[in-house]
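Since the structure comes first, as structure tokens, the remarks are kept for the end.
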Amino acid sequence: MRELGRVLIGLGCLALVLGAALLLADRIPWLGRLPGDIVVRRGPVTFYFPLLTCVVLSVVLTIVVNLFWRR
């Protein structure tokens, strides 16, 4: 039961961080509009894939995780 409790607490913390990130994402003007992001507009259809934004976020999250969970 202890491990289930730890998993639930971890998921709750993750949900809290993701929710806060979604609330604050509008305040970062460059997020999702970097030069490597792909936008294709064809008539009424728009395809958007934030490729470089994903890479930048991945690098930042990797650094943060390595700082906190390195043993």
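Within the range 28-46, take every residue that is loosely packed, with under 10 Cβ neighbours inside 10 Å and at pLDDT 85 or above and give me the one that is nearest to residue 58 (Cα to Cα). Only one residue tops the list, namely 35.
For the range 47-58, the candidate set comprises residues that are surrounded by 10 or more Cβ atoms within 10 Å (Cβ to Cβ) and hydrophobic (A, V, I, L, M, F, W, C); within that set, the residue that is nearest to the chain's Cα centre (by Cα) is 57. Scanning the range 35-55 for residues that are among the charged types (D, E, K, R) and in contact with a Leu (Cβ under 7 Å, 6 or more places away or on another chain) turns up just one, 37.
The values are calculated or read from the model by the stated rules, or taken from the named source; none is laboratory data. All values reported here derive from a predicted model rather than from experimental measurement. Cβ atoms come from the backbone with ideal geometry, glycine included; neighbour counts cover every protein chain shown.
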